[in-house]
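Scroll down for the structure; my scribbles are underneath it.
What follows draws every value from the coordinates through simple rules; no lab data is involved. What you are looking at is a predicted structure, and each value in this text was computed from that prediction instead of being measured. Note that each Cβ is placed from the backbone with ideal geometry, even for glycine, and that neighbours are counted across all protein chains shown.
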Amino acid sequence: MILSCIFRCLIVLFTLVLSSFAIATRPNILLITADDLGYGDLGSFGHPVIKTPNLDKLAEEGLKLTNYYAPSALCSPSRAGLMTGRHPYRTGIRSWIPRGSGVYLSKDEITLAETLKAAGYATSHIGKWHLNSDLASEVEPQPLDQGFDYFYGHNAFQVPTNLDPTNIYRNGELLPKQKGFTAELYVSEAINWLEQRDVVKPFFLNLSMAEPHVTFENPAEFNKMYAAFTKGPVVPIESGAAGPRKHELISRGPGEYYANITFMDAQLGRLLGWLGEEGLSESTIVIFQSDNGPVTSDWLYWFELNAHGSTGGLRGRKHFLYEGGIRVPAIIRYPDLTRAGDVSHEILVGMDLFVTLTKLAGGEVPNDRPIDGIDVLTVLKGEALPDRAITWALSAVSEMQFAVRRGEWKMLSDGDLQPRQLFNLREDPLEFFNLLAENPSVVKRLDQDLNEAVTSFRSDPFLPDQKMKFRFAQ
């Protein structure tokens, strides 16, 4: 009897030890998302002027992805795809979410934070949310309802600018004016949360920066770094203010935009440095990406004035499904798997992170709904991915509302799903030459891919209903 009890106790102890070891060996996860950062806006991605030493070092230490795509060319749908692993149209989030619109990510969706929390992770979202229309709402799901233990941040954009914002919430409570710049505020909050977290658990920190989304301000010393690129006095444009018409816009030049990115880089350097000082760099997978393409000097709205994002020469910009609107810079550093200085040209999309990180953390990918992302862990090891079609959809300012890519071919279709443009991205990465007429078999294959995807979106079992105002058009 005594031996039997001792044996059972040893089994329980051994099980607990194994469980603790499994949790301890799972990587910490730091997912950093910039807001409206262009494919060509980092030094490591070819910008000739902007200084980004910390992110460039991250690329030198990790894996640079040259064919990484955001789920959408706008923020809210892109973030919905990133958090759920599902195409944004499945979630009902087809465009950016205006305040008070009643649009939100449904509670029925399972987020990355939820899969990781179920796997034993401490979870925190710091920075931009923009997956509902009101951070004070008791009806619309909030970050704490969707898997996060802690939240500190804003929703659509910083008010009045990213200096001394007045629309920052912490765990459902609107805070007084926060003194400082959002990049510094968010990194400081991230470090504070990390210092106070339950260290027994691995962590998932979803750090969503406000930069370089308009409207912005910068510390004087950073503006000074790029004074040669700025004309006239620095006068901030505040969100919500009335503005001139497009033909009346007069830019001060790109200097302030450059400074905004360099300041963000400096603050991220503080966080990456903290990981190193705490001995966490080796056990943490760090992912840096942008939510969509940039606002370029081809402004659509007055408040975009002084944004000068670079697509690295790619066609289009934010709001458009050309490469400049959806292909974004991405870097992954995980010493256990990635090799310093590696570059991958494999085609990835933001939805893949949901599946890959869930599996890497020992979590369970939902099997009761369509998941559009795939496990891309092999890419971290330097291996190739299987052939697949990736689809984008966006009801925005362009008549090209659908895009599909398979291999080197990319096709754009209008709102009626009629193919309009076909590009060979291997030979024509800037999308100059429409090869639609010359390649009927390719068009037929991509058109089939697109129609199958749209049919699946429309019949998705978790597609929000009409009362939420954003059901996919039939």
query: Once the chain is represented by equal point scatterers at the alpha-carbon sites, with solvent omitted, what log10 I(q)/I(0) does the Debye formula produce at q = 0.07, 0.12 Å⁻¹?
result: -0.35, -1.05
query: Based on the Cβ-Cβ distance from Asp387 to Val343, what FRET efficiency comes out when R0 is 22 Å, to the nearest 0.05?
result: 0.60
- request: Quote the charge dipole size of the chain about the Cα centre in Debye, to the nearest 20; the model charges only the Cβ of Lys and Arg (+1) and of Asp and Glu (-1).
  value: 300
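Quick one: which of 31-37, 268-274 comes out on top by average Cβ neighbours within 10 Å, and what's the full order, highest first?
Ranking the peptides 31-37, 268-274 by packing returns 31-37, 268-274.
Rounded to a whole number of µm²/s, how large is the Stokes-Einstein D of region 347-474 at 25 °C and 0.890 mPa s, given Rh as the Kirkwood radius over C-alpha pairs?
149
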task: In whole Å, largest first, what are the principal axis extents of the Cα atoms in region 122-234?
output: 49, 33, 21
- request: Within 10 Å, count the other beta carbons around each residue, average over each peptide in 204-215, 397-408, 423-434, 132-143, and list them highest first.
  value: 204-215, 397-408, 132-143, 423-434
- prompt: So in the chain, what percent of DSSP beta bridges are antiparallel if you round to the nearest 5?
  reply: 55
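Mean separation of Cα pairs under 8 Å and 6+ residues apart, divided by the residue count of the chain: what relative contact order is that in percent? Intermediate values should be presented prior to the final figure.
Details: 1065 pairs, mean separation 109.2, N = 474.
About 23 percent, as a whole number.
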- request: Starting with the highest mean, order 179-188, 218-227, 346-355 by the number of other Cβ atoms within 10 Å, averaged over the residues of each peptide.
  value: 346-355, 179-188, 218-227
- request: Choose one of Gln401, Ala70, Gln267: the residue whose Cα lies farthest towards the positive end of the charge dipole of the chain (beta-carbon charges +1 Lys, Arg; -1 Asp, Glu; about the Cα centre).
  value: Gln401
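Working out 0.36 nm times the residue gap between Asp375 and Phe433, then minus their Cα-Cα distance, what length gain in nm do you get to one decimal? Don't jump to the answer; show the numbers that get you there.
Numbers: separation 58, 0.36 × 58 = 20.88 nm, distance 3.28 nm.
The Asp375-Phe433 span can extend by a further 17.6 nm.
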- prompt: Which of Gly324, Leu105, Leu174 sits closest to the plus end of the dipole of the chain, meaning its Cα is farthest towards the positive end, when Lys and Arg get +1 and Asp and Glu get -1 on the C-beta?
  reply: Leu105
